[in-house]
Structure formats: structure tokens, C-alpha cells
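The values are calculated or read from the model by the stated rules, or taken from the named source; none is laboratory data. All values derive from a computational prediction rather than experimental measurement. Cβ sites come from the backbone with ideal geometry, for glycine too, and all protein chains shown count toward neighbours. Just so you know, the surface numbers come from the protein's heavy atoms only, side chains and all, with ligands and any DNA or RNA stripped out. Shrake-Rupley method; radii C 1.70, N 1.55, O 1.52, S 1.80 Å.
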Amino acid sequence: MEVAAHVVDARKVYGEGTTAEVVALDGVTLDLEKGRFGAIMGPSGSGKSTLMHCMAGLDSLTEGSAWIGDVELGSLTDKELTILRRDKVGFVFQAFNLVPTLTAAENIDLPVRIAGHEPDAAWRDQVIEILDLGDRLTHRPSEMSGGQQQRVAAARALARKPDIVFADEPSGNLDTTSAHELLSFLRRAVDEFGQTIVMVTHDPAAASYADRVVFLRDGLPVAELADPDANQVLDQIKQLEA
Amino acid sequence: MLTISLRNLWEHKLRSFLLGGAIVTGVAFVVAAFVFTDSLRAGFTSVFQSAFAAVDIQVTPIQPEDLNEFNFELPTIPEDVADELLAIDGVEAVSPQIQGFVILEPLEGELPGFGPPTFGVAWEGGPSAFEVVDGRAPETDLEVLLDAATLEERELAIGDTIRVATAGAFEEYEIVGELGFAFGDIGFGPTFVGLEFERAQELLGMDGEVSNFGVTVVPGEDVDRVNADINAALDGVGEAITSQSAAEQSAEDLQEGLGFFNTFLLIFAGISLVTGSFVVYNAFRVVVAQRTRELGLLRVLGATRAELLRMVLTEAVIVGVVASLIGAVFGIAAAAFIRWVIEFSGVGSLPDSGLVVEFDTLVIGLVVGTTTAALSALIPAFRATGISPMAALRDQVEVKRASRWWLWTGLGLTTASVVAVVLATMQARDTAGAVQGNVDPIQLAGIGALGLFVGLFLLARALARPVIAGLGRPLRRLTSVIARENARRTPRRTATTAASLMIGLGLVATVAILSTSVEDTILEAVEEAFTGDAIVQPTGFNVFSGFSTEVGDRVETLPEVDRVARLTYLPITDASGIPNVAVGIEPDTIDLAINFEDVEGSWSDVVGDGLALQRIEADNTGLGIGDEVTLDIIGAGERTFVVRAIFDIGGGVSDSQSWYINYETVREINDQTTDNSLIVAAAEGVDPDALVEAINAELEDFAGVTATNIAQLIEQIRQPLLALTGMIAGLLFLSVIVAVVGIVLTLYLAVNERTREIGLVRAIGMTRPQVRQMVRWEAILIALYGAVLGLAIGIFLGWGLTVTTIGEGSSLTIPWSWVVAGFFGSGIAGVLASLLPANQAAKLDVLRAIAYE
Ligand SMILES: Nc1ncnc2c1ncn2[C@@H]1O[C@H](COP(=O)(O)OP(=O)(O)O)[C@@H](O)[C@H]1O
Ligand SMILES: [Mg+2]
């Protein structure tokens, strides 16, 4: 199976050399396969966000290496990293995903336009169609519900057909119905269009949409489940907490 | 509570800096204005004090009541008044002084007749404001003293010669010494030439007369008492003034000339303080909103509303005080800088007195700055502390819809002001008086101008969104599109920021258009009224002084000359009681002398007591052909004339001479043999430059009479107006500085507020240069918005004030190069202003920006 992104012996230490030294990642080695929907779970402070940021080129590792495709992120300059994020990576954050002055459609086209390209209209329309956003496209974020905003964010993340999409607690602020809509969409993007998605979550129900769930504790992967349902995830969490 | 305030300020250093920055600029302008003015006053006063230090009291002639600006003779006082003065108790010494206009030989390329006057001076014995600093005093007729500046400018030394004249021919004088003034060189003043006393009296036509007396008082005597005694004794002959009052008065007069600088500084102070108060207001709104929960918590813990209010206000006051102190320092530096600019740009050299920083100035600066900060923080503080503790602890605070009084007030005021200006122009245009008004049109236009600035300032908020959308329409790049939307999303902030440029550019554009239009109107009139191929006129300060008729005789004989029309002036008080001149003309050369049209009656009848009248004057006085009119001729009494011709002058110059009588009649009345100007027609095939050259060669030994042609004349008039251009550029520069400061502060605030957004776009792939570009475009758009409003006001008011001041026949000239420069200059100012905030935005830590607490 082809690997979309991976880390080898990834260590991330905050405040190194000070008394407040925190080891956020303690030598993580992990492959994320292409065309799959992965989830990362773990208690608060276990290093999920840190791992995601380092894999996505938003942050650098203290030791070890992070790769997207066959590009080693540590060897890139800030500018190259920015362009890599623009061209190869999609993002969905927990909140504040959209530029408030731009309409939904403009937000979706944002990465493409930052790159100075014309949007691939056919693909974008397909995404918009699935997300059921048609009548909201000319609205500004302030005129949309939280669920709609997150779906627009997802559409934006996918609009450039990135190599990999990183989602940090994308449904964390949503009610159950909106969360379901968003997660089903992410699922479909993987199944129907072969997209690669990695999602950080602490919600077992959300994790159950994934093909694979990696459990993190104290900066290390400690367990893994394939194709789990919510109950299996819950059991695993209880097991880890024990 | 004070500790909380201080800690808050310290923890948000950037924010505190922002809050302070706007206040600093405003206070700096206020302080600069006062320091500059106070220094000038002190400087000039000390200059004049030392100028008059040699004498305690000055005795000057009483200004004659029929003083006529066309009869440019300086008043005199009889020489023997000195004896009367010496008889007064307490008078120690009396020194007679003489002053009158003289002409120095023109420098190569110097345009005659323009620039500061040259005075011939002489004094006898006793105390004087003048002294011989090198060489010796003139002893014979053909010896002079020159001041140091003149010696240097002309590269002359003691022992050299120079040609000097009054109304007659130039004569060669030997330079026997250097003339010093007790007041030093004040740079833009007149030139002085020291003459032998009796020679000066003779040359300047002051037989038995002098210009004034310098009086010293016996040590220990009360100067004011002696002054009063002199005034009592001299009843009607002359008047005395103490040197101290004279120095103060003169300093005041001179300073008034530079007073506009002060006004402009205060205007810019106002603009920056208004901008500043909005920055403070916005910043505190953000700050207080962020701290709503903290405030709510403190309320729950038992703090009263008043205590919280005091806490927020304490912060504002601390910022205000610190910023005012920094502003005061900048202001003092700015005052020094302005002085330097004035001297460097050649507007003038100012007396060197050091900077005078009055205690009052500092107090005013401190009060203004602190009050602005406190008042601006008051509303947000009041709102934030007003909510119930529980509401504050909840997440969202509902925002009340702001009232829109400013929109309606702005709209009303703008409309009324536009109407006022338009009405004023109609009133000014309408010479027949069909549009009647109780208000003077210039006053009306002035009120309209003021109202327009205020009205548009209020309206700017509503106009920000549409105008910036329009300005940003051609922008296609993503970064510029986002920038455009960013500028539009906070219209009030954008508007207040742009306002500084609006007001600054508006003022500058108005002044520029008005001055160019006035200039062009004058030039057009000159061109229109100019007849013949060359004009021969007196040069030197007094263009109304005459020259010998021999000049005309010699010009007539030149082969390059076809015909000569002679004009001679007779000072009169006209039928309306206004000082004026009657112009003596020869009917057979009238076609050459005046560009007239629509003659009623006949020029050939203007002989003896015949009189010709410009139609505008005929309309004013109600005189018609055959009517009698009595003119009061200065020095010759009343004489009655009969109106024989009424005519218009081509170009419609309303203020040119109106009364014309026969040349011979003038000769009969005053037996002088002088002309005031000659209009020359060239012989066939001679071009105007060659004609002028020939005439001037012929007149070489006549002082102060020069031929010019129309091209040269226009050049001469334009010359001094160039200084005005420099001044306008300086004001433009000031307004741009204020605008840049405002934009920097606003963008800092905006970048700070949009941290998360910027982090987001950086995360999804916007490069640092693109982020910079985004901020830069926002700055440019805000600046251009201000520029568009300002230029629109400027062009409208420029038109309005031009028409109002000049009336019918004004030629409106919009200096498009200035307008274009103002527009693009504002854009560049925007780019400069964006440098720091753009950098701050680009530097932003992406991870921290997107971190979600
Ligand atoms: N910028 C930072 N500076 C210092 N410590 C940090 C920083 N970011 C995260 N940490 C620490 O690193 C650890 C992992 O954090 P994070 O990756 O955010 O965990 P998670 O997303 O799983 O809750 C935590 O102990 C956190 O306090
Ligand atoms: Mg996290």
C-alpha cells in the first residue's frame, strides 16, 4: 500500500533546556496510507495536535523525520513548506476555518487562488453538490451555521485534490446531526474520490467513521484498531485508561 | 486597582503603544505649534528690541489722511521738530533719520521691480538703529554704505563702486563702508543703502524734512512719561512711541505673516487627535470586550461598577499622560525641524532665539492628550461595566445597533454646505445683484467650506464601503481582493483613518487650485490688457513712481520703434472717495495705449476738462456722457470734468484704472515732466525681444526704467509665486505624515485583531510576501480613499472659492499635476505606512494564531 505521509522516530520537545521542558512526541513512527481515512485518538495533552502539525508541515520536529509522499519536510525552507501546504495538503480546524470577509464560494477557492490558479470547476461543483451547500455559496461565514461552516471548510480542504487532508477535531464544536453530516462527507471523499484524510478526535463516535484508529498516550502510539465501531473504540479507551 | 491597570498595560505593550501612538502625534502637533509661535515671537521681539535699543523713543510723522497707495511717497516730518524735542524735559539726544526708496543697478538676470524694496537711509549724530561697522561714514555726495548681505551677494568690497539711483539717472557711487543694523540680518527684509545725510535729503526730495527722529532719554528718567510729554508737545505734527512698544508691535506684525503656519499645525493637531481618539476608542472597545469576562468576574467578586470604571479609565489616563509627555518631546523637536525647513527651503531666515518652551504649552499638551485618551475610553468602559455580572460571564454579549445620527447629520451638513458654496459663487458672479443675500459671498463660501469638511468627515463612514469597492474594482489578485474587503469591513475605522488625508489633501488642493486660478486670472488679464509690443515701466519698489519724459523722447527716435503711447498718473481721490489715479492719455495714441471696446462718445473729445470712464465705473457712479464729475486731485484740490467717453476694457479687468483725462491736462495740473508708462509699437519686422533689447540698451543710464514684452512680464509675475508652490508642497508633506501615522496605528490594530485569520491563510498556504501584500493593499486603499475624498473637496472648494473671490471672469485652473501627485503620493504614503504592520502580520506565528483555547 502506498504511503501518503509518514514520520520516523519523531520527537518533539517544547521548551528544551528549560525547567518547563515538555516532551510532546517521544519517538513516534507512523505511516498514513493513501486513500484511507485515519483517526488519531488520545487523552488531552497526549500529543495529537503536535503530531498533526508536524506531519502537515506547520511545525518542525526536534528529532526524527516527517515526510509527505517522498518529500522530507525537515529539508524544506519556510517558503517551500508554505507552498507544499498550499499545493499538497488540506486542512480542517476545529473552528475559525473561514475568512470572515469572503463568501463560502470564495473561501472554497481560497487555496487555489492563493496559488494563482483557476479553480477546477467540475471537481469543485461535485464537492459542493455532495456537501449540499448550493444555496449558501454566496453567504458569508457569519450567515452560516457551525455545521455549514465546517462543511465549507471541508470543501475548501478538498478543492485542490490534495495528497492528504489533516482535520483537527473537525466535529468538536458540532451537534450530533451536523457532526454526522460532516463525517459522512469525509467518508465519501475517501470512498468515492480516493482522498486521504487524517482526523484528530476524542469522540469515539467520530472515530468510528475511520478505517483505522491510532491511540496516542504521552507522545507515543500505544494501540491501534482497524475499522472499529464506536463501542470498540470506547472499550479500547477504557482499557488504556485502566 | 492601580496595580491591575499597570499590569494590564505592561502585559499588552504593543496595544499600549498603539493607544499611545495616536495621542503622541496629536500632542506633538499642538506642542510644535505653540513652541514654534512662542519662539518666533521671542525671536522677533528680541530682534526688534535690539534694533530699537539705541533709542528709547521714536518720533514718526503722522500718516496723512489722504495717503494714497498710488501716491507712493513716504510721509515726512520737518527737520526743526528736533529743537522742540530737545526742549522737552528728560530728552537727552535727538537723531534725525531719513529713509526712502532707491534703486541699485540690477544684477545680471535679475527681474526688475519685484522682490523686497531697497531703502536709502541716512542719519545724523546721535543714536540710530544703523551703524558703520567697517570703513567710514559717507562724507560726500557719491559715497555709500552697503549692508553685508548685499556686499556678499554682489561680490563687492569697500573701495568698489556701484550704480545707485532714485527716480533719475544712475550715478556711480564709491562704497566707503559697511552698514550694520542693530537688529542683525533678518534675511527676508529689505536692503539698506547708507547715504550722506544732505545728499539723501536731496535725492529723496526731503528738503528740510526727515523721516523720523530717534530720541534717547536722560538715564533715570521715566521713558513712558517722556513719551507722553512728547506726544502732548507734538500734537498733530508727529507721534512718539517707545522702542519697547514698537519692538513688540513690529514683532507681532511680522509674526502674523507666518501665522498661517501655526494655523496649519493646529489643524493637523486636530486631525491627529480626532484620528487618535478613534484609535483609542476602537482599541478600548476591543480590549474591554476581551476583558468582559474578567470584568464580570470582578463584579461577581464584589467590585462596584464605579470601581471598574475607574480601573479602565486609569489605564486610559496613564496612557494619555505618558503619550502626552512623549508627544511634547516630539513636538519640541518638530518645532525645531519646521524652523529648519523654513530656512532651508528659502521661505525666509528666522531670528535665532533658541526654542521657547512655555510651561503653559506643556500643560496644554498634557491636558489635551490625557483628556482625549480618557474621553475616548469612556464610552467603551461605560458600556462594558454596565452589563450585569452574569451576562458578562456568559459567552456572548449582544451588540446594540449603533445609532446612525452621523449619517443624517453628515448628509444634511454636506448638502447644506454644497448649497452654500454654490450660492456664494452665484452671488459673486452676479454683478447685477439679482441674487441678493445678507451674507458676504466670501463669508458664505468660507462657512460652506468648513461645513463641507465636517459633513464629509461624518459621511466618510457611509461612503467607505461603496467608494473602496469602486477603487478596488480593478484589483484582481487575491491578496488585493481580501485587502479590499478588509478595508470595507470596518467602515468607521477606515473612514477615521482616511479622514486625516481627506482634510489635509482637501486643504492643500483648495489652496493650490485657488492660488493657481488667481495667478492665471491675473496673467490672462495682463495678457488681454497688454497692447503694443513692449511696455516701458519704472522698476524698483514703487511702480507708481514716474520717470523723465526724456525716456519717451529717446525711445521714439529708435529705428526699431514705430509709435509710442505715453501714460502719466495723477493721484486723486475719486468720486466714491477712494484713493485712485487719473490716467493721462493722448487721444491719438489711445488705440495703442488701451485695449478698449464699445466706446460710447469719442476719445477725441477727451481734451481739456474731458474725461473718459470705464463702463464698470460709470455703472457704479451712475455717470453718463455729458455729466459733470468733480475729482479731488491730491496736492492740487478739486477740479470738475465732463464725461466724454465711456468704454470697456478688453479682458474685463475690473480693478484696472477707471478715470482717464488728457495728457496735456495732467501736465497743466502738475508741472512735473514725468511719465508713468510707455506702450511701444515695434517697427515692421522687429520682433518683441529685439525691440526690448534695443530700448533697454538706449535706456542704460536711466535708473529703474525698463522695457518688457508680454512674455517677460508674465515670467516676472510668475516668479514670486514659485515660493507659494514650495509652501503647498510643505503642507502636503505635513498632511501625509499625519496620515501615515494614522494608517500605521489602524493597521497595527487590525493585524492584531485578525491574528487568527492571518494564521489560517498562512496555514492553508499563503506565503509571507502574500500576507505583506495583503496588508499593503489595505493601507493603499485606505489612503486612496482619503485622497479621493480630499481631492474631491479640494476641487470643489477650489472652484467655489476661486469664483467667489474673483467673481465673473475668473479662470479656473486645476493643477492636475498636483492632483495626480496627491493621489499617487497618498498611495505611496499608504505603502510606507504598511511597512511595519505588514511585517508584523508576515512574522506571525502560524501555530499560535490557529491555536484554539
Ligand atoms: N507551544 C507549546 N509550548 C509548550 N508546550 C506545548 C506547546 N504546544 C503543546 N504543548 C504541550 O505538549 C503536549 C502535547 O500537546 P498537544 O499536542 O496539543 O496535545 P493534544 O492535542 O493531544 O491535546 C501538552 O503537554 C502541551 O501542554
Ligand atoms: Mg489538540
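Using only Cα atoms, find the angle between the long axis of helix A:104-114 and the longest principal axis of chain A, and express it within 0 to 90 degrees, rounded to the nearest 10.
60 degrees
On C-alpha positions alone, give me the angle between the axis of helix A:176-193 and the longest principal axis of chain A, in degrees, nearest 10.
90 degrees
Using unit Cβ charges (K, R positive; D, E negative) and no other charged atoms, how large, in debye to the nearest 20, is the dipole of the range B:663-705 about its Cα centre?
On the way: 1 positive and 11 negative charges, 33 e Å.
The dipole magnitude comes to about 160 debye.
How far apart, in nm, are the 7 Å Cα→Cβ label points at B:GLU668 and A:ASP70?
Going by the 7 Å Cα→Cβ label model, 11.7 nm.
What's the longest piece of chain A with no exposed GluC sites (Glu not before Pro), counting a site as exposed if DSSP puts it in a loop and it has at most 11 other beta carbons within 10 Å?
Between exposed loop sites, the widest span is A:22-242.
I'd like the distance separating the alpha-carbon centroids of the range B:552-568 and the range A:193-218, in whole Å.
Rounded to whole Å, the Cα centres lie 107 Å apart.
Quick one: give the max-minus-min coordinate of the C-alpha atoms of the range B:540-703 along each principal axis, largest first, in Å.
Between the extreme Cα coordinates on each principal axis of the range B:540-703 lie 46, 34, 27 Å.
Check A:ALA24: other-chain or 5+ apart residues with amide H under 5 Å from its amide H, H built from backbone geometry?
For A:ALA24, whose amide H was placed from the backbone, the distant partners under 5 Å are A:LYS12, A:VAL13, A:TYR14.
At 1.4 Å probe size, with no ligands or nucleic acids counted, give the accessible surface of B:THR191 in Å², nearest ten.
About 30 Å², rounded to the nearest 10.
Kindly flag which residue pairs out of A:LYS48/A:LYS79; A:LYS88/A:LYS238; A:LYS88/B:LYS843; A:LYS34/A:LYS238 have an alpha-carbon separation exceeding 32 Å in this structure.
A:LYS88/A:LYS238
At 7 Å along Cα-to-Cβ for each site, give me the label-to-label distance between B:LEU378 and B:ASP207 in nm.
Taking the two extended label points, one gets 7.6 nm.
Charges at C-beta only: +1 for Lys and Arg, -1 for Asp and Glu. How large is the resulting dipole of the range A:196-242 about its Cα centre, in Debye rounded to 20?
100 debye
Pick out which of A:PRO43, A:PRO141, A:PRO221 has the largest mean-square fluctuation in a Gaussian network model of chain A, springs linking Cα atoms closer than 10 Å.
Greatest mean-square fluctuation among the candidates belongs to A:PRO43.
Express the relative contact order of chain A as a whole percentage, based on alpha carbon pairs under 8 Å and six or more residues apart in sequence. Spell out each step's value before the answer.
Values: 479 pairs, mean separation 64.1, N = 242.
For chain A, the relative contact order is 26 percent.
Buried by at least 30 Å² relative to the chain on its own: which residues of the range A:108-126 qualify, computing accessible area with a 1.4 Å probe on protein heavy atoms?
The answer is A:LEU110, A:ARG113, A:ILE114.
Taking the Cα-to-Cβ direction at B:ASP80 and at A:SER44 and moving 7 Å from each Cα, how far apart do the two end points lie in nm?
According to this spin-label approximation, the distance is 11.2 nm.
Under a 1.4 angstrom probe, counting protein chains only, how are B:THR674, A:THR50, A:THR19 ranked by accessible area, largest first?
A:THR19, B:THR674, A:THR50
Considering amide H positions built from the backbone, and no H for Pro or chain starts, which residues 5 or more places from B:PHE530, or on another chain, come under 5 Å of its amide H?
none
Using a Förster distance of 45 angstrom, determine the FRET efficiency expected from the C-beta separation of B:ARG154 and B:ARG492, and round it to 0.05.
For R0 = 45 Å, the calculated efficiency reads 0.15.
Under 14 Å Cα-Cα from A:LYS12, which aspartates and glutamates qualify once same-chain neighbours fewer than 8 residues away are excluded?
By straight Cα distance, A:LYS12 reaches A:GLU21, A:ASP26, A:ASP59, A:GLU63, A:ASP218.
Do any trypsin sites (Lys or Arg not before Pro) in the range B:465-518 lie in a DSSP loop with no more than 12 other beta carbon atoms within 10 Å, and if so, which?
Sparse-neighbourhood loop trypsin sites (Lys or Arg not before Pro): B:ARG476.
How much length is gained on full extension from B:LEU355 to B:ALA416, taking 0.36 nm per residue of separation minus their Cα-Cα distance?
Gain in length upon complete extension: 17.6 nm.
About the Cα centre of chain A, how large is the charge dipole given +1 on each Lys and Arg Cβ and -1 on each Asp and Glu Cβ? Please answer in debye to the nearest 20.
Roughly 420 debye, rounded to the nearest 20.
In the range B:540-703, with Lys and Arg counted as +1 and Asp and Glu as -1 at Cβ, which of these residues, B:ASN620, B:PHE702, B:VAL561, has the Cα nearest the positive end of the dipole, that is, farthest along it?
It is B:ASN620, whose Cα lies furthest towards the positive end.
How large is ³J(HN,Hα) for each residue in the range B:408-424, as worked out from phi by the Karplus curve 6.51 cos²θ - 1.76 cosθ + 1.60 (θ = phi - 60°), to whole Hz, x for Gly and Pro?
Taking θ as phi minus 60°, the curve returns 6, 4, x, 5, x, 5, 4, 4, 4, 5, 4, 4, 4, 5, 4, 4, 4 Hz for the range B:408-424.
Given the range B:543-698, what percent of its DSSP beta bridges are antiparallel, to the nearest 5? Walk me through the intermediate numbers first.
On the way: 29 of 38 bridges.
The antiparallel fraction comes to roughly 75 percent.
Would you mind getting the Kirkwood hydrodynamic radius of the range A:3-241 from its Cα pairs, rounded to one decimal in Å?
Result for the range A:3-241 stands at 18.2 Å.
The range B:629-646 to the range B:787-853: how many Å between their Cα centroids?
With the range B:629-646 and the range B:787-853 each reduced to a Cα centre, they are spaced 58 Å.
How far, in nm, would the chain grow between B:ALA697 and B:ASN839 when pulled straight, counting 0.36 nm per residue and subtracting the alpha carbon separation?
Result: 44.4 nm gained on full extension.
With a 10 Å cut-off between alpha carbons and a GNM built on chain A, which of A:VAL214, A:VAL165, A:VAL152 moves the most?
Result for chain A, Cα springs under 10 Å: A:VAL214 fluctuates most.
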